[in-house]
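Peer 1: Dropping the structure in here first, questions after.
The values are calculated or read from the model by the stated rules, or taken from the named source; none is laboratory data. None of these values were measured; they are calculated from a predicted model. Heads up, the Cβs are rebuilt from the backbone with ideal geometry, glycines too, and the neighbour counts pull from every protein chain shown. The accessibility values were calculated without ligands, DNA or RNA, using every heavy atom of the protein model including side chains. Shrake-Rupley method; radii C 1.70, N 1.55, O 1.52, S 1.80 Å.
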There are 4 protein chains.
Amino acid sequence: MKVGVLTSGGDSPGMNACLRAIVRVGISRGLSIFGMHGGLQGLLDRSIFELTARDVSNIVHRGGTFLTTGRSAEFRTEEGQKKAARILTDEEFDGLLALGGNGTMQAMTKLCKLWDGLIIGLPGTIDNDIQGTDYTIGFDTAVNNAVNAIDKIRDTAQAFDRTFLIEVMGRDSGHIAVHVGISCGAEAIAVPETPTDLNEIATIIKEGRARGKTFAFIIVAEGDEEGDARTIAKKLSDATGENCRVSVLGYIQRGGNPTQFDRILGTKLGAYAVECLKKGISGVMVGEMGGELVLTQFEDTWSSQKGLDLWLLGLVDELSI
Amino acid sequence: MKVGVLTSGGDSPGMNACLRAIVRVGISRGLSIFGMHGGLQGLLDRSIFELTARDVSNIVHRGGTFLTTGRSAEFRTEEGQKKAARILTDEEFDGLLALGGNGTMQAMTKLCKLWDGLIIGLPGTIDNDIQGTDYTIGFDTAVNNAVNAIDKIRDTAQAFDRTFLIEVMGRDSGHIAVHVGISCGAEAIAVPETPTDLNEIATIIKEGRARGKTFAFIIVAEGDEEGDARTIAKKLSDATGENCRVSVLGYIQRGGNPTQFDRILGTKLGAYAVECLKKGISGVMVGEMGGELVLTQFEDTWSSQKGLDLWLLGLVDELSI
Amino acid sequence: MKVGVLTSGGDSPGMNACLRAIVRVGISRGLSIFGMHGGLQGLLDRSIFELTARDVSNIVHRGGTFLTTGRSAEFRTEEGQKKAARILTDEEFDGLLALGGNGTMQAMTKLCKLWDGLIIGLPGTIDNDIQGTDYTIGFDTAVNNAVNAIDKIRDTAQAFDRTFLIEVMGRDSGHIAVHVGISCGAEAIAVPETPTDLNEIATIIKEGRARGKTFAFIIVAEGDEEGDARTIAKKLSDATGENCRVSVLGYIQRGGNPTQFDRILGTKLGAYAVECLKKGISGVMVGEMGGELVLTQFEDTWSSQKGLDLWLLGLVDELSI
Amino acid sequence: MKVGVLTSGGDSPGMNACLRAIVRVGISRGLSIFGMHGGLQGLLDRSIFELTARDVSNIVHRGGTFLTTGRSAEFRTEEGQKKAARILTDEEFDGLLALGGNGTMQAMTKLCKLWDGLIIGLPGTIDNDIQGTDYTIGFDTAVNNAVNAIDKIRDTAQAFDRTFLIEVMGRDSGHIAVHVGISCGAEAIAVPETPTDLNEIATIIKEGRARGKTFAFIIVAEGDEEGDARTIAKKLSDATGENCRVSVLGYIQRGGNPTQFDRILGTKLGAYAVECLKKGISGVMVGEMGGELVLTQFEDTWSSQKGLDLWLLGLVDELSI
């Protein structure tokens, strides 16, 4: 059984642990595993090479993806998709494992219709915005990266008695923002999924000061409907009379050695994907929900939005009294 | 409603986030929260003081427990238990929240029979050896601490082509060892729950060398039946002809800023415990299983042993080919 | 001997270790030490309180400054300076220790002329832009914070084969940029002290690609004459045809637990400042140069610019071949 | 000019940054650089390979040494030394760069007498016990590793009001212990260079308790004349009546990504060694003293012991009041 594997879209920590599991468990169970360089474009460019157990030595603890990744404009065309299917057939692949986010699962939905080999997806993205798994590979590390950065900013916030607006990743979803906000004891969390009321946040800041709070953190998902952190900071500065500071965490959230959570999740899903391939399963993404390994049809992973934990988000006001 | 709160047994990272949630959500919902200093002994010594929302400022991100903790010899006697019940009645407490491990849940089982106030337990221990919750508060941080330490040792292992035996915490259980071992790509994991075959491990080391592996990690839970890491290293050195090195991670696993996982788990369980108290619930430990907040009778939290993920442990051989 | 101590300007990691040394060595040698809250404004507002040995417990390892800091508009006026001198006399202070950056040393230059007590400065700023000391308290931590952040970004740079422009602190000086750039293996370092040639940098990027380099880091001090990282990235994207990415590290550089270097430098300079006060020395900043503790007249600390290590900066081209 | 390079003795963080500087600056200045695998034994085994600029990509930030290292029993014999000289001549080497500690400098002292090529040493060891440089490559990282570990243990020490004995590396010298002890606010530091009085330490612990200190750290260099941390803990437990706890930090001190200090020191010394080779200099170790790059005859690097900063060590009592 000849199986291709690729990482697509943004890199996320834990992808390497997952690739290691795929390659080693795959080889151990009789598969031949071939890596594709640079995501779907690597498939289109036939940049494909066989992987041995030694090729994945010493990567379980590393961020990024040793296969490298990318976004392929060519694959977005129908032409490109047909070409990918043709190459998979030409090269006599039996299966394909694709590790990536939302966009990758959409790409696989299309490829499934054009190629009759087995395709299994694995959720690798820091955004945690995929249905069919409680957590995506990379989310835990990204949140911890943000939390550790904010723990540092706390020193300056305290030293200056300041209010800080901190922008975290999340163009369409507030999963990172909610986890970061609760973890850092934020006074408010602005996310795209729920209406953000800047007057209310201004009141929270002012009333907190009145109760003796010396500094405040407002966490902003980059996709919040009121604008990015800089825009919101300006409005809040006007509304509160304070000079609110801004920190945009950016790329530091994406990298670094993965946490144990992401190494283990990546390892489990990688091994499970191999088990499923061996059983002839196709057209699904592997995931973990409620502690169980589960399968979800590609279409169901991206066609509806994954909800936030609204109970947790609703606690913010009480937690920051 | 007057509610006492204490942390007992070993400290674990995330306890402070949990205490903050208890105090703030508690106050916000009309409770008066009183801290007890140094665990159960603090109750026995009437070292009790009211907590305000400001008293838990700036602790969400800190390891340890600001209430301090301890193990009370006095409470282990029937006399001590009766005295504790008497003090709770004398001081007109309506409820008690106890954050700790196995031993704490056993203590609460006894106290429930002697005092008619509401008692709720919260699982705070790095060992993850309590039934009724998938993860205990502190486990994720402890595993990450160990993993980060081993990522450093990896540099030396590689530089010298060495085999390292690494001892992690876990006197009666291998939860930490399994998570650490999978995360660090260990060649073998020795835990108390399953038989440890040193001949087999020696073979794994020697065969790995033959396949081109340049170094190896063996993770040992301190309670493994073959002995501690030093003892096992000696036997493996004899069996392999290599000079196997040892590192005992010890206390560094317990401390440090909690991860986002433990801050959030602590926060959720703290808030949930307050909600349960308000409903008059008693005699149970709060926990999270399969993503749901759940309650477990005190006795059921410690009377049987929590199983390891044997599927994951069984993958070790294939993952380290 | 009654001595005041304050931290002024931006907070920097190691200030707390320095304050601890001042308080404890001071008390041990018979001084009474009084903290001023929030920098020079605290002095002007008579927000002054005596410090005991216990008040500086458990801060040696913490970033920020427990005295809090600030920039005082009032002190910038002649009126304000006279008021400060008057308060110091009124409150019967014998000495004042001021921990801060460039601006703080300028303030002390002025205060020296208006008050006849003993004044000693201590260099606390992440910018390392003060003459009279090889390194300022906080510089080493700030550089390490930036370096650790870039080590994470490296994963994404590698995964995507990208060029990253990374902006570090340094409005008027490139000390942080040079140390960060060398430490991260940057292809080029843009600093205010030397002319920045974007065409040359574009050529370096393109020629590096031709030699097989898969990604590149360009470090930009925020005060570079060619603009901030975003501006430079745009020009370089045009010149190279690549989509150069930007990361502005911002406040995360300032906070976090200090490194051993800053804890020790802070401790040494704090103890030395006390020794100097006891000897009746005044009008100088303490520092460490070439491994020796030294004194520099206030005016000489800020009247000329501290040079970069040009030999080191000149190595960048060869180091990144 | 054909130049060999090897790393010998214990690995130390920053060695890779140093090797990168040697290879790239060397090649840039017309040298051919050849790596020797596994230290002096690699030379003896003719395990020698040419290094290109690309071979040292992506290692500036990594601990360990990509050349790997080792201790060679063969080289310790006169026979072995002669063989090494013969191979260097056979292979037509013009120069040799050796990166290592005390033992490496002793080996080079001998090799200099047997081979007439140019030999330059570079100080790479975490112990900082070499004359001719203020700091060795790796010392700063090792101290920070230890300090970060103890910052974690602090949480448990505080939570339990405990005294902790912490053993750090340093078989013959207390450099690490002194830096760690000052950085962590230790109550006492036991080093081989000065007499350790356990009665005095017991008194310090007891008097600290009486003054309101809730926990204590005693830092022990592994080579202290009173024994290792476990032995000392037992005696102190008897003398104080407390149950003193022990943590032996071990190998975690040696690994991990190097700090900016060690990356820069490694880079500077690597580039400087190349410059010296080009000038025909031989028989010396490069170092940095008082901010200047300096050369020291091999024999002078190890024939006398490098002193501790006794002023700093003498401050411990006052700093921990």
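Peer 1: So which residues in segment D:145-155 are more than 8 Å from chain B (Cβ to nearest Cβ), open to solvent by less than 10 Å² (accessible area, probe 1.4 Å) and either closer than 18 Å to residue C:59 by Cβ or in contact with a Pro (Cβ under 6 Å, 6 or more places away or on another chain) (or both)?
Peer 2: Those that are more than 8 Å from chain B (Cβ to nearest Cβ), open to solvent by less than 10 Å² (accessible area, probe 1.4 Å) and either closer than 18 Å to residue C:59 by Cβ or in contact with a Pro (Cβ under 6 Å, 6 or more places away or on another chain) (or both): D:147, D:150.
Peer 1: Hey, can you tell me all the residues within segment B:193-207 that are part of a helix (DSSP H, G or I) and in contact with a strand residue (DSSP E or B) (Cβ under 7 Å, 6 or more places away or on another chain)?
Peer 2: Pass one, segment B:193-207, residues part of a helix (DSSP H, G or I): B:198-207.
Of everything in segment B:193-207, those that are part of a helix (DSSP H, G or I) and in contact with a strand residue (DSSP E or B) (Cβ under 7 Å, 6 or more places away or on another chain) turn out to be B:201, B:204, B:205.
Peer 1: Just the residues that are under 23 Å from the mean Cα position of the chain (by Cα) and closer than 26 Å to residue A:153 by Cβ, please, taken from segment C:23-52. Spell out how you get there, then give the answer.
Peer 2: Of all residues in segment C:23-52, those under 23 Å from the mean Cα position of the chain (by Cα) come to C:23, C:35-43.
Matches in segment C:23-52: C:35, C:36, C:37, C:38, C:39, C:40, C:41, C:42.
Peer 1: Moving to a separate point now. Go through (1) under 23 Å from the mean Cα position of the chain (by Cα); (2) more than 10 Å from every other protein chain (Cβ to nearest Cβ) for residue A:289 and report which single condition fails.
Peer 2: Status for residue A:289: all satisfied but (2).
Peer 1: Check off (1) out of contact with any strand residue (DSSP E or B) (no Cβ under 9 Å at 6 or more places or on another chain); (2) away from chain C (no Cβ under 14 Å) for residue A:214 and give me the number that stays unchecked.
Peer 2: Failing condition for residue A:214: (2).
Peer 1: Output the residue which, of all residues in segment C:233-270 that are among the acidic types (Asp, Glu) and not assigned by TED's automatic domain parsing to the domain that holds residue C:293, is least open to solvent (accessible area, probe 1.4 Å). Even if it seems obvious, please write down each step before you answer.
Peer 2: The first filter runs over segment C:233-270 and keeps only residues among the acidic types (Asp, Glu), leaving C:238, C:242, C:262.
With not assigned by TED's automatic domain parsing to the domain that holds residue C:293 added as a condition, the list becomes C:238, C:242.
Working: C:238: 127, C:242: 40 Å².
Applying the filter and picking the extreme gives C:242.
Peer 1: Among the residues of segment C:171-186, which ones are more than 7 Å from every other protein chain (Cβ to nearest Cβ) and of a type in the set (Ser, Thr, Tyr)?
Peer 2: The one that is more than 7 Å from every other protein chain (Cβ to nearest Cβ) and of a type in the set (Ser, Thr, Tyr): C:173.
Peer 1: Tell me which residues, restricted to segment B:297-315, are part of a helix (DSSP H, G or I), hydrophobic (A, V, I, L, M, F, W, C) and either surrounded by fewer than 17 Cβ atoms within 10 Å (Cβ to Cβ) or away from chain A (no Cβ under 12 Å) (or both). First the steps, then the outcome.
Peer 2: We begin by selecting, within segment B:297-315, every residue part of a helix (DSSP H, G or I); these are B:298-302, B:310-314.
After this cut, where a residue has to be hydrophobic (A, V, I, L, M, F, W, C) as well, the list is B:298, B:302, B:310-313.
Passing the criteria: B:298, B:302, B:310, B:311.
Peer 1: If you don't mind, another one. Residue A:267 - would you say it is among the β-branched types (Val, Ile, Thr) and either on the phi > 0 side of the Ramachandran plot or without any contact (Cβ under 8 Å) to a residue 40 or more places away in the chain (or both)?
Peer 2: Numbers: among the β-branched types (Val, Ile, Thr): yes; either on the phi > 0 side of the Ramachandran plot or without any contact (Cβ under 8 Å) to a residue 40 or more places away in the chain (or both): no.
Answer is no for this residue.
Peer 1: Can I ask one more? Any idea how many residues of segment D:180-190 are open to solvent by less than 10 Å² (accessible area, probe 1.4 Å) and in a loop (DSSP other than H, G, I, E, B)?
Peer 2: Final tally of qualifying residues: 2.
Peer 1: Taking the conditions exactly as written (within 12 Å of chain D (Cβ to nearest Cβ) and in contact (Cβ under 8 Å) with a residue 40 or more places away in the chain), does residue C:208 satisfy them or not? Steps first, please.
Peer 2: Values: within 12 Å of chain D (Cβ to nearest Cβ): yes; in contact (Cβ under 8 Å) with a residue 40 or more places away in the chain: yes.
Here the answer is yes, as residue C:208 does meet what is asked.
Peer 1: Of the residues B:33, B:22, which single one is in a helix (DSSP H, G or I), more than 14 Å from chain D (Cβ to nearest Cβ) and under 18 Å from residue B:282 (Cα atoms)?
Peer 2: Only one candidate qualifies: B:22.
Peer 1: State which residue is nearest to residue A:305 (Cα to Cα) when the search covers only segment A:128-161 and only residues that are among the charged types (D, E, K, R) and within 13 Å of the chain's Cα centre (by Cα). Lay out the reasoning, then the answer.
Peer 2: Filtering segment A:128-161 for residues among the charged types (D, E, K, R) gives A:129, A:134, A:140, A:151-152, A:154-155, A:161.
This time we only want the ones that are within 13 Å of the chain's Cα centre (by Cα), so: A:129, A:134, A:140.
Numbers: A:129: 7, A:134: 13, A:140: 19 Å.
The residue in question is A:129.
Peer 1: Hey, another quick one. So residue B:131 fits all but one of (1) farther than 28 Å from residue B:263 by Cα; (2) open to solvent by 10 Å² or more (accessible area, probe 1.4 Å); (3) touching a Ser or Thr at 6+ places or on another chain (Cβ under 6 Å); (4) not hydroxyl-bearing (Ser, Thr, Tyr); what number is the exception?
Peer 2: With respect to (1) farther than 28 Å from residue B:263 by Cα; (2) open to solvent by 10 Å² or more (accessible area, probe 1.4 Å); (3) touching a Ser or Thr at 6+ places or on another chain (Cβ under 6 Å); (4) not hydroxyl-bearing (Ser, Thr, Tyr), residue B:131 is out only on (1).
Peer 1: Is it true that residue C:201 is more than 22 Å from residue A:252 (Cβ to Cβ), more than 14 Å from chain A (Cβ to nearest Cβ), in contact with a helix residue (DSSP H, G or I) (Cβ under 7 Å, 6 or more places away or on another chain) and surrounded by 21 or more Cβ atoms within 10 Å (Cβ to Cβ)?
Peer 2: Here the answer is yes, as residue C:201 does meet what is asked.
Peer 1: Hey, another quick one. Write out, first by first residue and then by second, each pair whose Cβ atoms fall under 8 Å of each other, whose residues are 6+ apart or on separate chains, and whose first residue, in segment B:279-296, is assigned to a loop (DSSP other than H, G, I, E, B) while the second is open to solvent by less than 10 Å² (accessible area, probe 1.4 Å).
Peer 2: Filtered contacts from segment B:279-296: B:281/B:120; B:282/B:95; B:282/B:119; B:282/B:120; B:283/B:119; B:283/B:298.
Peer 1: Among the listed residues C:177, C:142, which satisfies the condition of being open to solvent by less than 10 Å² (accessible area, probe 1.4 Å), farther than 22 Å from residue C:195 by Cα and in a helix (DSSP H, G or I)? Walk me through how you get there before you give the answer.
Peer 2: Details: C:177 fails: farther than 22 Å from residue C:195 by Cα.
Just a single option satisfies the conditions, and that option is C:142.
Peer 1: Still on this structure: Inside segment A:43-130, counting only strands (runs of 3 or more DSSP E) that do not spill past its ends, which hold 1 or more residues that are without any contact (Cβ under 8 Å) to a residue 24 or more places away in the chain? Can you show your working first?
Peer 2: Working: elements: A:48-50, A:95-100, A:118-123.
Output list reads A:48-50.
Peer 1: In addition: Taking segment D:231-278, which residues are part of a helix (DSSP H, G or I), within 22 Å of residue B:230 (Cα to Cα) and within 11 Å of another protein chain (Cβ to nearest Cβ)?
Peer 2: We begin by selecting, within segment D:231-278, every residue part of a helix (DSSP H, G or I); these are D:231-240, D:250-253, D:260-278.
Filter once more, so that each one left must be within 22 Å of residue B:230 (Cα to Cα): D:231-234, D:250-253.
Once the filter is applied, which keeps residues that are part of a helix (DSSP H, G or I), within 22 Å of residue B:230 (Cα to Cα) and within 11 Å of another protein chain (Cβ to nearest Cβ), segment D:231-278 yields D:250, D:251, D:252, D:253.
Peer 1: Hey, does segment A:4-19 have a residue that's in contact (Cβ under 8 Å) with a residue 40 or more places away in the chain, β-branched (Val, Ile, Thr) and surrounded by 16 or more Cβ atoms within 10 Å (Cβ to Cβ)? Give the steps one after another, and end with the answer.
Peer 2: Of the residues in segment A:4-19, the ones in contact (Cβ under 8 Å) with a residue 40 or more places away in the chain are A:4-19.
Those still in the list that are β-branched (Val, Ile, Thr) too: A:5, A:7.
Still in the list and also surrounded by 16 or more Cβ atoms within 10 Å (Cβ to Cβ): A:5, A:7.
There is at least one residue in segment A:4-19 that is in contact (Cβ under 8 Å) with a residue 40 or more places away in the chain, β-branched (Val, Ile, Thr) and surrounded by 16 or more Cβ atoms within 10 Å (Cβ to Cβ).
Peer 1: Now for a separate question. Taking only segment C:156-167 into account, find how many residues are open to solvent by 10 Å² or more (accessible area, probe 1.4 Å) and either part of a helix (DSSP H, G or I) or at pLDDT below 95 (or both). Steps first, please.
Peer 2: Here is the first cut: in segment C:156-167, the residues open to solvent by 10 Å² or more (accessible area, probe 1.4 Å) are C:158, C:160-162, C:167.
Okay, now just the ones that are also either part of a helix (DSSP H, G or I) or at pLDDT below 95 (or both), so C:158, C:160-162.
The total comes to 4.
Peer 1: When you scan segment B:170-199, how many residues do you find that are at pLDDT 95 or above, within 22 Å of residue B:141 (Cβ to Cβ) and acidic (Asp, Glu)?
Peer 2: Number satisfying all stated conditions: 0.
Peer 1: For segment C:76-123, how many residues are surrounded by fewer than 19 Cβ atoms within 10 Å (Cβ to Cβ), aliphatic (A, V, I, L, M) and under 14 Å from residue C:48 (Cα atoms)?
Peer 2: Residues meeting the conditions: 1.
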